[in-house]
1. May I ask you to derive the FRET efficiency for residue 128 and residue 105 from their Cβ-Cβ distance with R0 = 35 Å, giving the value to the nearest 0.05?
2. Which order do the peptides 47-54, 134-141 take when ranked by the mean count of other beta-carbon atoms within 10 Å per residue, highest first?
3. Got the relative contact order for region 57-179 handy, in percent, Cα pairs under 8 Å and 6 or more residues apart?
4. With +1 on each Lys and Arg Cβ and -1 on each Asp and Glu Cβ, how big is the dipole of region 26-196 about its Cα centre, in debye rounded to the nearest 20?
5. Which stretch or stretches of region 165-208 have amide N atoms under 11 Å from the point lying 7 Å from residue 34's Cα along the Cα→Cβ direction?
6. Listed highest first by mean packing, meaning other Cβ atoms within 10 Å per residue, what order do 103-114, 166-177, 148-159 come in?
7. Give the residue from 198, 176, 149 lying farthest towards the positive end of the charge dipole for region 141-208; charges sit on Cβ (+1 for Lys and Arg, -1 for Asp and Glu) and the dipole is referred to the Cα centre.
8. Using 7 Å Cα-to-Cβ label points, what is the residue 92/residue 137 separation (nm, one decimal)?
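Nothing in this text is a laboratory measurement; each read-out follows from the coordinates by a stated rule. All figures in this text were calculated on a predicted structure; none of them were measured in a lab. Using ideal geometry, Cβ is built from the backbone for each residue, glycine included, and neighbour counts are taken over all protein chains shown.
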Amino acid sequence: MAQKPRSTKPRSPPATAPRLGRALKRSFFDRSVHEVAPDLIGTTFLVDGVGGIITEVEAYHHSEPAAHSYRGPTPRNQVMFGPPGFSYVYRSYGIHWCVNFVCEQPGSASAVLIRALEPTHGLAAMRRRRGVEDERALCSGPGKLCEALGITIAHSELPLDRPPIALHARLEAPDIVAGVRIGITKAVDLPWRYGLKGSKFLSKRFPR
């Protein structure tokens, strides 16, 4: 029996991740948390090569009661009081890991919470870890993105410019929106939440 000829229809090329900007150094974080937080929007955050474009963050400063450092250093938050450019990972409500980037000079104890990403690198790994297919649901919250990127307490107190962590500068200036932080009960009126305008990859939409 004659074999059927193989299809000559060209296959779709595999999806490629967006190109990356220059690697960010720890000195990037040696500034006011209110400068660093919006400047992180549009940068790419990777852990062991898995991650994506930062679309939503929140700034926390030691002078306001919503910050973990407000009442001083503890074994959990000690890294916040050290030099900038290190990770601070904590457990939220005893369930989810959340990752922060320490900013400002030693002793300032200020940090940026990473709330959401647009997945661009290692989507298969993220889907396996999260157990969901929808790209918009993979990293649409601080706990979700930590699960997707495999972030645990073992990633706390790590430098942000050395493996397994990598941060890459944005390639173009994004449109940024700001609003009040969410999921907190203190200092709720401070407009220290920043996001990528029009993004589908947010934990919660910003008011128009």
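1. Working: r = 40 Å, r/R0 = 1.14.
For R0 = 35 Å, the calculated efficiency reads 0.30.
2. Values: 47-54: 22.5, 134-141: 19.9.
Taking the mean over residues of other Cβ atoms within 10 Å, the ranking is 47-54, 134-141.
3. On the way: 216 pairs, mean separation 29.7, N = 123.
Value for region 57-179: 24 percent.
4. Working: 17 positive and 18 negative charges, 113 e Å.
Dipole of region 26-196, to the nearest 20 debye: 540 debye.
5. Residues passing the 11 Å test: 191-192.
6. 103-114, 148-159, 166-177
7. Result: 198.
8. Taking the two extended label points, one gets 1.8 nm.
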